[in-house]
Structure formats: C-alpha cells, structure tokens
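Notes to accompany the following structure.
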Amino acid sequence: MAEEEETGKEYRWETGYEKTWEAIKEDEEGLLEGSVADIIQRAKRRRQADRRGNVRLGMMRHLYLIVDFSEAMSNQDLKPTRHLCSIKLLESFIDEFFDQNPISQLGIIITRNKRAEKITELAGNPRKHIKAVRQLAEATCSGEPSLQNALELSLRSLRLLPSHASREVLVIFGSLTTCDPGDITVTIESLKKQGVRCSVVGLAAEVHVCRRLSRETGGEFGVVLDDCHYRDQLFMHVEPPPAASCLESSLIKMGFPHHTTAEGKETPLTICMCHLDVPAAEAKGVSHSGAGYFCPQCCSRYCELPVECRACGLTLVSAPHLARSYHHLFPVENFVEMEQNLDLHKQCYACQRSYGDHDKHVYECGRCSQVFCLDCDLFIHDTLHTCPGCATNQQTFHLMGSGDNGSSLSVNLI
C-alpha cells in the first residue's frame, strides 16, 4: 500500500519541485548558483542520454500537426496567450523540422467547435505551412475541441501512404475535455493497427485519453511548465522517431534535377508546376523565364526543391537534402561526462574557451579523446552532427559511420 501511495505521488506537480529543492545545496560561500547551474546542465543533457544507438529510424516522415483551437487556448498562462504562443513556436518548429527532415512532409489540422478542419495537406514546402500558421494568428479560438474527429481526419490521409512511409501525428492540446461523436478507443485501435505514432503536448494538465493515446501508439506525452519548456517539448519531435514495426524497407525512386537558367536560350514562357493553383494576385513575383528545376522523368518545371512531381509523382530532391536526412542514421555517440580538472583540461577543443570554476563537468569524445564544454557538446549533437576532433583526425574519421543502424529508406537514383 505504501508503494502505491509513493507511486501515485510521481504524478503530483508539487513532487517534482520538492525534489528540486532537495537537490539545491549551498556552496562554501553560502550561494546557490552552483547547484542551480548543475541542475540546468543535467537537464540539458537528459535528452542526449536517452538516445540509443542501432535504432531503425523512419527517414521519410509524414507528420500531421493537430492544434487545439478551442476556447481553452485563450488562457493567458502562456504569454500573451496559449494561442499566440503556440503560433510563434510552430513557425520555428516547422522551419527546424524541414531543415532536419528535408525529404519529409507535414500537414496541419485544427480542431474547434467540436469539429476538425484541415488547414494544409501533406506537403514538403515549409513556406506554405508557415504562411498558413501565420494566418491562424487571426483565427478565433472558440467552443470545445474534438480529438476523435481530428484523429480520424488525419488517419484518412495517412492510411493511404505506402508501407515504407513513417506515419506520425503530433497533438498540441490545451483543453481538459474533448467532445467526440463516438468511442475514441476505437479510433486509437485503428491508429495502432495502421502504425500511426501519436504524440501529445499538453498545455494545461495530464488528460487520461491523451496519455492513453500516446502509450497505445508508441508516442511521447508531456505537459508544459512554461514557454521555454513548451519549446523543448515541441522540438523533441524534430528528430526522426524509431520506425514502426510494420514499416517496410523499400526502394524509393528519386530524381536529382539540376538548376537550369534561360540565359542564351530561346525557351518559351512557362509557369512552374508548384504555382499552378496560386491566384494571379499572388503570382506576380513568380518567374516565367523558363529557368528552374526540371523533372528528369517528365520535364515538368519547379521553382524549388524538394518537391513531389505533380505530373509523374517522382520525388525530386538535391544531394544536400538526402545528406541532411542521412546523418540521423549515424548520430555522434554521446560524450563521456567527466569532472572538470583545470590541471588536465585547459580549454574546450571546439570553441577554445578556457575552463573556469563554473565548469563543473566536461565531456570527452570516446573516439578521439578530445574534451568539450557543455555548450559545444549540445551544439555538436543537435546541430553539427560531426565531432570536430574526429573530423580533424583522419584515422578516426575513416572509422566513423561503420555502425549497424538500420534505415527504412533505400534510394534508387535516376
């Protein structure tokens, strides 16, 4: 009985703060800055410690963002409101998502007034989604959300995708209730059967149905504490998740078109395929000179990459796009945390900053044995994806990339 009560306390918000205050201790001068800095350091590296090697990832991702636009999003616990705070963070999230997953696609669904509405279809153009999100800043938050309707709407599109595609749903939920037309457990079972991974970011408190949705489909669930924590919870979903068990490996036919210009050539005036549906008022700045990217299979013209050819269905990408997706398969191994010693560790190998008394821990690469500070450790793993010490040591560099990580994507180049 005592164990059950202790387990139940883990769900209390107060318990987390109690543990925090127990961890804070005064130093010799009676200051708390050292303990607070140590807690922040460990919190920053917690996500890196959870990363596991040799995990098969879903590289070609198809993600639907479901955003709650109910009356609960008008609350002001996140400044200025939950609604506007979410809009601002979603712009950054979409930009970062396509930077790290350039061959993936994303769509946006909102739910309010007990209904679900699709704002954008699955597409790989980040500017299109960011423009739609900015327009949502003027939308009105009203009524109650319907989680079931939003999930069913996303499932109707995701179930049509090929077996090699990663299917995901990310729900941003601010309400404590959901008004559904039927049994939502049936919808959860359908999502699980189709291999759709659902994750939820709660803005108010833990809701049982959201927790169950995440647990049953293999997703992540979290409740935000403030706007900074909100950003961390949201950006956790930028990296590709482990591939679903039903995800099949398959050859994907891709085209790598070169950018051609119309200088010195007599080319007819054409409009690119990606602007066929754009109204004339918005297409004034679109070039009609004939320059652009031409599909190697059907010669359709496009302004930018990556894109899926609307004429023949071929996925058009560039080599850097594929390379940015590939680095997720062979991530930099976690560095070993060490106690800082000024006699042994003079300065960070990457930024050349000298260590001080505030640097309680340093981080050593297991391959090249170079030592880095915390900020460089985070930058290497989250942004650079290459150890500077290993890259400058040719013998170590040739050994990198010899991992056993599996890929859910093989590419047939044309």
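The values are calculated or read from the model by the stated rules, or taken from the named source; none is laboratory data. Note that this is a predicted model, so its numbers are computed, not measured. Cβ: placed from backbone, ideal geometry, glycine included. Neighbour counts: every protein chain shown.
Just to be sure before I move on: is ILE188 buried (at least 19 other Cβ atoms within 10 Å of the Cβ), more than 18 Å from the chain's Cα centre (by Cα) and at pLDDT 95 or above in the structure I sent? Yes, satisfied. Within the range 173-208, being outside any loop (DSSP other than H, G, I, E, B) and either of a type in the set (Asp, Glu) or under 18 Å from LEU122 (Cβ atoms) (or both) holds for GLU189, LEU191, VAL196, ARG197, CYS198, SER199. If you go through the range 95-149, how many residues are touching a Leu at 6+ places or on another chain (Cβ under 6 Å) and within 21 Å of HIS164 (Cα to Cα)? Adding up the residues that qualify gives 3.
Checking the stated criteria, PRO145 turns out to be within 21 Å of LEU203 (Cβ to Cβ) and more than 14 Å from the chain's Cα centre (by Cα). The residue that is surrounded by the fewest Cβ atoms within 10 Å (Cβ to Cβ), among those in the range 191-210 that are closer than 19 Å to TYR230 by Cβ and among the β-branched types (Val, Ile, Thr), is VAL207.
The set of residues from the range 177-204 being closer than 23 Å to LEU90 by Cβ and in contact (Cβ under 8 Å) with a residue 60 or more places away in the chain comprises LEU203, ALA204. In the range 70-166, counting only helices (runs of 4 or more DSSP H) that sit wholly within it, the ones holding 3 or more residues that are surrounded by fewer than 17 Cβ atoms within 10 Å (Cβ to Cβ) span 82-100, 126-135. Screening HIS345 with (1) at pLDDT 80 or above; (2) surrounded by 18 or more Cβ atoms within 10 Å (Cβ to Cβ); (3) more than 24 Å from CYS274 (Cα to Cα) gives one miss only, at (1). The residue that is nearest to ILE252 (Cα to Cα), counting only those in the range 160-182 that are among the small types (Gly, Ala, Ser) and over 20 Å from the mean Cα position of the chain (by Cα), is SER163.
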